[in-house]
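Structure below; questions to follow.
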Amino acid sequence: MIAAGTSTHMKPAATDGKRAFAAVDLGASSGRVMLGRVGPDLLELTEAHRFANRPLRVRDTLHWDVLSLYQGVLDGLRAAGAANDGRLDSVGIDGWAVDYGLLDADGDLLGNPVHYRDARTEGMAEKLWKLLTPHDLYQSTGIQYAPFNTLYQLMAAKGTAQYAAAERVLLVPDLIAYWLTGRQGTEITNVSTTQLINPMSRQWAYDVAVPAGIDLSLFPPLRAPGDAAGELLPQILEATGLTGPVAMTTVASHDTASAVAAVPARAGEHFAYISTGTWSLAGLELASPVMTEESREANFTNELGVDETVRFLRNIMGLWLLQECMREWGLTNIEPLLAAAADVAPLQAVVDAADPAFLAPGRMPSRIAQACRDSGQATPVGPAETTRCILDSLALAHRRAIEDAQSLSNQEVDVVYVVGGGARNALLCQLTADACGLPVVAGPAEAAALGNVLIQARAQSVVGDLASMRDLLARTQPLVRYEPSDEHAEAWDEAAKRVGGIGR
């Protein structure tokens, strides 16, 4: 069983009790390197460098520009070091899930990683279901159906020249860590999203991989958050101007796992979380997975978290819907949109924000309008009405996910924590509180980076266990509490029924 590790590169505690850590946080639209300073009563986070993450379509395949991301990481580490007299105690990397790079026998990358929104996985799930039923898959992995799961990506890659030449598979954060240190590993929270890990044993699901024709020996050994992952190579120190040695610490490399570790819950609270940004991941933190048939039918996933916890959650499209609309409208400033949306009458039209029909990019405003027409609702007209439709729909999806999670796990919730970029969206947070009928505590917005930093700090004994990490977050980070309003309670119930929700 993989347990939380302790870094073998620990250093004696600094005389002032403070350490400096660089958190590399790779998101679907941008990456950033954050400088974190941690002490017994200190948790500071500043942005050292931010860089764009622009996917590229080449020969009808959507790719990540991973070399550009790598350059952004190097630039960020240089900026973080410059802000701290050239010294860093450790570096950790988190990012999005499921995507990977293939390496050849020399350890060189075989082409840019394919984007999870690419269409190459179409039909792969149906192909596998002829060998393993969806029930059997869920019993082995506890992972929801999603067409972009790594399992289906690898099935789609089989038969290609790249796959035939591959000697190693590295998920994206593990790939960047390899380039920085020369050492390879597979981090457990991220690989748990691939549909190739059994969440009960926390080991490889050979009973899935073998029928699918996936060679699990392509993955390097498993690592857990807190494990040592080597040191920055001499050429990396030279490129970044850092004074060595600089440790690389394995963090919860799935950004949602790091974000959930940074939920500032108080001891004894029964909380749900929503990690919201491009995606909304809404659910509960559990001690063991829920792998019932009811859970599978509700499309809940059991992803592994810090300290052998389980992230029992549902994937919702999140602010991707609004990001795509803004791209179509040619808008970059969200604040005027939110102000205009707040003046629109609530719940005039809603869509199912968890519907995979919204997964692909392009024409999002017209697709949302069509979904409203198809369900016999009023069609939102213009950016303000469309934005209000999106935010109302997200709040409803959050409500349904939290209610379903409670029912499926037999655990009650008395507060909802919203972390990630969506914590800055006051309208969305208030609508979520109103829809759920529960108080919402918003913050921290940079939860993934903070969780990343705190795992590094714990590996060097600057902070204690998960409860201690959360206590430090609650004491040091700005949080905003939103109380639910009953003004439109009946309208929320009616709207929930329109998209198949559960009436409160």
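The values are calculated or read from the model by the stated rules, or taken from the named source; none is laboratory data. What you are looking at is a predicted structure, and each value in this text was computed from that prediction instead of being measured. Don't worry about glycine lacking a Cβ; one is built from the backbone with ideal geometry, like all the others, and counts go over all protein chains shown. We work out accessible area using only protein heavy atoms, side chains counted, and drop any ligands, DNA or RNA first. Shrake-Rupley method; radii C 1.70, N 1.55, O 1.52, S 1.80 Å.
Go through (1) within 23 Å of the chain's Cα centre (by Cα); (2) in a loop (DSSP other than H, G, I, E, B); (3) in contact (Cβ under 8 Å) with a residue 60 or more places away in the chain and name the single condition Pro346 misses.
(1)
Separate question: In this structure, does Ser217 turn out to be part of a helix (DSSP H, G or I) and without any contact (Cβ under 8 Å) to a residue 12 or more places away in the chain?
Numbers: part of a helix (DSSP H, G or I): yes; without any contact (Cβ under 8 Å) to a residue 12 or more places away in the chain: yes.
Yes.
Here's another thing I want to ask about it. Considering only residues that are open to solvent by 10 Å² or more (accessible area, probe 1.4 Å), outside any loop (DSSP other than H, G, I, E, B) and farther than 26 Å from Ser393 by Cβ, which ones fall in the range 237-265?
Leu237, Glu238, Ala239, listed by residue number.
Could you tell me how many of the residues in the range 134-150 are open to solvent by 60 Å² or more (accessible area, probe 1.4 Å) and of a type outside the set (D, E, K, R)?
Initial filter on the range 134-150 (open to solvent by 60 Å² or more (accessible area, probe 1.4 Å)): 135-136, 139, 145.
Pick out the ones that are also of a type outside the set (D, E, K, R) and you get 135, 139, 145.
Looking only at that region, the number is 3.
Turning to a different aspect of this structure: Looking at Ala491, is it among the hydrophobic types (A, V, I, L, M, F, W, C) and modelled with pLDDT of 95 or more?
Numbers: among the hydrophobic types (A, V, I, L, M, F, W, C): yes; modelled with pLDDT of 95 or more: no.
No: the conditions fail for Ala491.
Need the failing condition index for Ala360 against (1) touching a Lys or Arg at 6+ places or on another chain (Cβ under 9 Å); (2) within 21 Å of Ala495 (Cα to Cα); (3) of a type outside the set (Phe, Trp, Tyr), just the number.
The one condition Ala360 does not meet is (2).
Let me ask something else. Which of the helices (runs of 4 or more DSSP H) contained wholly in the range 46-159 include at least 1 residues that are touching a Gly at 6+ places or on another chain (Cβ under 8 Å) and of a type in the set (Lys, Arg)?
Working: elements: 66-82, 124-129, 134-141, 150-157.
Hits in the range 46-159: 66-82.
Answer yes or no: is there a residue in the range 287-303 that is among the hydrophobic types (A, V, I, L, M, F, W, C), on the phi < 0 side of the Ramachandran plot and in a helix (DSSP H, G or I).
Let us first name the residues in the range 287-303 that are among the hydrophobic types (A, V, I, L, M, F, W, C), namely 287, 290-291, 298, 300.
Okay, now just the ones that are also on the phi < 0 side of the Ramachandran plot, so 287, 290-291, 298, 300.
Of the ones still in play, those that are also in a helix (DSSP H, G or I) are none.
Among the residues of the range 287-303, not one is among the hydrophobic types (A, V, I, L, M, F, W, C), on the phi < 0 side of the Ramachandran plot and in a helix (DSSP H, G or I), which makes the answer no.
I'm trying to understand the selection: among the residues of the range 349-372, which are small (Gly, Ala, Ser) and either part of a loop (DSSP other than H, G, I, E, B) or buried (at least 22 other Cβ atoms within 10 Å of the Cβ) (or both)? Break it down into steps so the answer makes sense when it comes.
First, the residues of the range 349-372 that are small (Gly, Ala, Ser): 349, 353-354, 357, 360, 362, 366, 369, 371.
Scanning the range 349-372 gives Ala349, Ala353, Ala354, Ala360, Gly362.
Condition check: of a type outside the set (Lys, Arg), open to solvent by less than 10 Å² (accessible area, probe 1.4 Å) and in contact (Cβ under 8 Å) with a residue 60 or more places away in the chain. Does Ala298 satisfy that? Write out each step before concluding.
Numbers: of a type outside the set (Lys, Arg): yes; open to solvent by less than 10 Å² (accessible area, probe 1.4 Å): no; in contact (Cβ under 8 Å) with a residue 60 or more places away in the chain: yes.
For Ala298, the condition - of a type outside the set (Lys, Arg), open to solvent by less than 10 Å² (accessible area, probe 1.4 Å) and in contact (Cβ under 8 Å) with a residue 60 or more places away in the chain - is not met.
Turning to a different aspect of this structure: Run down Gly72, Gly142 and say which single residue is in contact (Cβ under 8 Å) with a residue 60 or more places away in the chain, under 23 Å from Pro173 (Cβ atoms) and among the small types (Gly, Ala, Ser). Break it down into steps so the answer makes sense when it comes.
Values: Gly72 fails: in contact (Cβ under 8 Å) with a residue 60 or more places away in the chain.
Checking each option against the conditions leaves just Gly142.
Out of the residues in the range 373-387 that are within 24 Å of Asn425 (Cα to Cα) and not hydroxyl-bearing (Ser, Thr, Tyr), state the one that is surrounded by the most Cβ atoms within 10 Å (Cβ to Cβ).
Pro380
To continue, here is another question. Look through Gly277, Gly226, Gly268, Gly283 and report the one residue that is modelled with pLDDT under 95 and either crowded, with 17+ Cβ neighbours inside 10 Å or of a type in the set (Phe, Trp, Tyr) (or both).
So the residue among Gly277, Gly226, Gly268, Gly283 that is modelled with pLDDT under 95 and either crowded, with 17+ Cβ neighbours inside 10 Å or of a type in the set (Phe, Trp, Tyr) (or both) is Gly277.
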